[in-house]
Amino acid sequence: MPSPFFAMLSRMRHIRRWGLMRNTQPENLQEHSLQVAVIAHALAVIRRTDYPAGPDGTPRPDVSPDRAATLALFHDAPEILVGDMPTPIKYYNPAIRDAFKAVEGIAGDKLLSMLPESLRPAYGPLLKPDGADPGTAEALRLVKAADKISAYMKCVEEEKSGNTEFRKAAQALLAGLETLDLPEVGHFLREFLPAFHLSLDELEG
């Protein structure tokens, strides 16, 4: 029987995000995953080039930009099977959060089972990354930050289109980003986020 793994992955484009919100421009899971990968890659590059050490000079853990980008591409893959749970519901209380995390783990196993056995060792760490591994955990921190930046970008673009539905979400996401102990995130917000408020003519100069 042919492997259905990549055919299933291609269905990410059918999973709509922001299901409880009125959108001027719908966003699907495939679009979101690509944007998160691009941002996670950038955060890892910025860490290497601008923030390799902490304020006291202690070297910070290095994160491969390629590793961060690849983890980001697959970070929401289980949602192909379980759908995108709105944040207010997913994080309503610890019981719901933990239950949904367990369901996502089962979905990750299901996706992995769709691969030939010879490929599973390569894709297992992407679909079910080991957060206990220090290097993986640090890469996942950047992916999580990139996920929040991507969501904030979406809010900015919706507000720019006159949709006030995303105003509170934008405020909450920005507040959360500002509390992260990741200087590369602050760098990205200062350097690149302002351009998302501009029109195409302004971007082109």
Output the residue which, of all residues in segment 9-40 that are of a type in the set (A, V, I, L, M, F, W, C) and touching a helix residue (DSSP H, G or I) at 6+ places or on another chain (Cβ under 6 Å), is farthest from Lys154 (Cα to Cα). Met12
Look through Pro26, Pro55 and report the one residue that is modelled with pLDDT under 95 and under 30 Å from Glu165 (Cβ atoms). Pro26
Selection from segment 5-33 of residues in a helix (DSSP H, G or I) and either touching a residue at least 40 places away in the same chain (Cβ under 8 Å) or surrounded by 15 or more Cβ atoms within 10 Å (Cβ to Cβ) (or both) yields Phe5, Met8, Leu9, Arg11, Met12, Leu29, Gln30, Glu31, His32, Ser33
What tally of residues in segment 1-42 results from selecting those that are under 14 Å from Ala151 (Cα atoms) and among the β-branched types (Val, Ile, Thr)? 3
Lone qualifier among Gly105, Gly162 - being assigned to a helix (DSSP H, G or I) and more than 17 Å from Ala44 (Cβ to Cβ): Gly105
Taking segment 37-71 and keeping only residues that are under 14 Å from Phe188 (Cβ atoms), of a type outside the set (A, V, I, L, M) and in contact (Cβ under 8 Å) with a residue 60 or more places away in the chain, one is left with Arg47, Asp50, Tyr51
Count of segment 141-176 residues which are in contact with a Phe, Trp or Tyr (Cβ under 8 Å, 6 or more places away or on another chain), surrounded by 16 or more Cβ atoms within 10 Å (Cβ to Cβ) and either closer than 15 Å to Pro61 by Cβ or basic (Lys, Arg) (or both): 1
Would you confirm whether or not segment 132-149 contains a residue that is over 16 Å from Ala40 (Cα atoms), modelled with pLDDT under 95 and in contact with a helix residue (DSSP H, G or I) (Cβ under 7 Å, 6 or more places away or on another chain)? no
Answer from Glu202, Glu138, Glu191 - the residue that is crowded, with 16+ Cβ neighbours inside 10 Å and of a type in the set (D, E, K, R): Glu138
Taking segment 49-75 on its own, how many of its residues are outside any loop (DSSP other than H, G, I, E, B) and surrounded by fewer than 15 Cβ atoms within 10 Å (Cβ to Cβ)? 5
Using beta carbons and a limit of 8 Å, which pairs, at least six apart or on different chains, have the first residue in segment 153-182 and closer than 14 Å to His197 by Cα and the second one assigned to a helix (DSSP H, G or I) and of a type in the set (Gly, Ala, Ser)? Cys155/Ala169; Cys155/Ala170; Val156/Ala170; Glu159/Ala170
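The values are calculated or read from the model by the stated rules, or taken from the named source; none is laboratory data. Computed from a predicted model, the values in this text were never measured in an experiment. Quick reminder, even Gly has a Cβ in these numbers, built from the backbone with ideal geometry, and neighbours come from all protein chains shown.
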